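Peer 1: After the structure tokens below, expect a handful of questions from me.
The values are calculated or read from the model by the stated rules, or taken from the named source; none is laboratory data. All values derive from a computational prediction rather than experimental measurement. All Cβ positions, glycine included, derive from the backbone under ideal geometry; neighbour counts span all protein chains shown. The protein model used for the area step is the full one, side chains on, heavy atoms only, and it has no ligands, DNA or RNA in it. Shrake-Rupley method; radii C 1.70, N 1.55, O 1.52, S 1.80 Å.
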Amino acid sequence: MEKLIITAAICGAEVTKAQNPAVPYTVAEIQREAKSAYDAGASIIHLHVRRDDGTPTQDKARFEQCIQAIREVCPDAIIQPSTGGAVGMSDLERLQPTEIPGIEMATLDCGTLNFGGDEIFINTENTIKNFGKILIERGIKPEIEVFDKGMVDYAIRFAKQGYIKQPMHFDFVLGVQMTATARDLAFLVDSIPAGSTWTVAGVGRSEFPMAALGIVMGGHVRVGFEDNVFMAKGVPAQSNGELVSRVVRIAQELGREIATPREARRILGLEEK
Ligand code: KMH
Ligand code: ZN
């Protein structure tokens, strides 16, 4: 089995300080949370950014500030900006961080889904194709965000049409639209093309059970405040690093070594830094 790539989704667009005061908004807070995750063993930082008041933004200058601050303390981490942003943002707004030189990876959400209450996260066929084309032009490897099985099928179809390069890297986000069970995860893993890589992100209380499955099934793992802010029911995580540390402990118990950023780049087919 390859070494385990841990992604830390340190901020998200929806989670707030009311849910956990350690959720980062300012550049300094984002830097602090990235460092805690990196020091604990994360090699990828999945990045959303906020204004100081917590409002999600895809502003290019804000991303640049945060990326520079992260690079000061996590010099070789793979920084993976979100192109999903927050529900309701326009495609142009969402694409801004992909204009930043040196970006190696970014997300590519491969379908529309319910996002709680009346919220719908819209990714039309044209949006997906356009984002895919732009990521290819800018030399950025997509992490295909999959919230249900149809999104795997879209990714395969769009790859055949030339909008996504193979081999693909998938992130199965379970517990938003599709339930987070071993059967669901196995179905998704079984559905992706041979040679693809995958990671799993369990949302809420599913975070650590899904992480354990990802570790034993030979995939990779994403944790972080974007997906879950608790260590246990009613016990807020002190930092993203605390969440990553638990994944490292589970992996060690199960005999899976942790990938460094350099090893993660090799596994994902990214260029050496
Ligand atoms: N915040 C969600 C609407 C991504 O990063 O690409 C979108 C999201 C997925 O978080
Ligand atoms: Zn995200």
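Peer 1: Determine whether segment 216-233 contains at least one residue that is part of a helix (DSSP H, G or I) and either of a type outside the set (Gly, Ala, Ser) or at pLDDT 95 or above (or both).
Peer 2: yes
Peer 1: Please determine, by comparing only the residues of segment 39-72 that are over 13 Å from Asn240 (Cβ atoms) and among the hydrophobic types (A, V, I, L, M, F, W, C), which one is surrounded by the most Cβ atoms within 10 Å (Cβ to Cβ).
Peer 2: Keep residues of segment 39-72 that are over 13 Å from Asn240 (Cβ atoms), which gives 43, 49-69, 71-72.
Pick out the ones that are also among the hydrophobic types (A, V, I, L, M, F, W, C) and you get 49, 61, 63, 66-67, 69.
Working: Val49: 25, Ala61: 10, Phe63: 23, Cys66: 27, Ile67: 22, Ala69: 19.
This residue is Cys66.
Peer 1: In addition: Any residue in segment 37-63 that is on the phi > 0 side of the Ramachandran plot sitting within a Cβ distance under 9 Å of a residue that is assigned to a loop (DSSP other than H, G, I, E, B) and of a type in the set (D, E, K, R)? List the pairs, counting only those 6 or more apart or interchain.
Peer 2: Here the result reads Gly54/Lys17, each pair linking segment 37-63 to a residue that is assigned to a loop (DSSP other than H, G, I, E, B) and of a type in the set (D, E, K, R).
Peer 1: Among the residues of segment 88-98, count how many are of a type in the set (Val, Ile, Thr) and either open to solvent by 40 Å² or more (accessible area, probe 1.4 Å) or away from ligand 1 (no atom under 16 Å from the Cβ) (or both).
Peer 2: 0
Peer 1: Any residue at all in segment 219-229 that's surrounded by fewer than 22 Cβ atoms within 10 Å (Cβ to Cβ) and touching a Gly at 6+ places or on another chain (Cβ under 8 Å)?
Peer 2: no
Peer 1: Just to be sure I understand, how many residues within segment 249-271 are closer than 17 Å to Val216 by Cα, buried (at least 17 other Cβ atoms within 10 Å of the Cβ) and touching a Leu at 6+ places or on another chain (Cβ under 9 Å)?
Peer 2: 4
Peer 1: Which is within 18 Å of the chain's Cα centre (by Cα), open to solvent by 10 Å² or more (accessible area, probe 1.4 Å) and small (Gly, Ala, Ser), of Gly175, Gly162?
Peer 2: Gly175
Peer 1: Could you count how many residues in segment 13-33 are within 16 Å of ligand 2 (Cβ to nearest atom) and touching a Lys or Arg at 6+ places or on another chain (Cβ under 9 Å)?
Peer 2: Of the residues in segment 13-33, 5 are within 16 Å of ligand 2 (Cβ to nearest atom) and touching a Lys or Arg at 6+ places or on another chain (Cβ under 9 Å).
Peer 1: Taking the stated definitions as given, is Glu125 open to solvent by 10 Å² or more (accessible area, probe 1.4 Å) and out of contact with any helix residue (DSSP H, G or I) (no Cβ under 8 Å at 6 or more places or on another chain)?
Peer 2: Considered against the rule, which asks whether it is open to solvent by 10 Å² or more (accessible area, probe 1.4 Å) and out of contact with any helix residue (DSSP H, G or I) (no Cβ under 8 Å at 6 or more places or on another chain), Glu125 comes out as no.
Peer 1: Taking the condition outside any strand (DSSP E or B), of a type in the set (A, V, I, L, M) and open to solvent by 10 Å² or more (accessible area, probe 1.4 Å), does Val244 pass?
Peer 2: No, not satisfied.
Peer 1: Further question: Spot the failing condition for Thr83; the list is (1) open to solvent by 10 Å² or more (accessible area, probe 1.4 Å); (2) in a loop (DSSP other than H, G, I, E, B), and only one is missed.
Peer 2: Exception for Thr83: condition (1).
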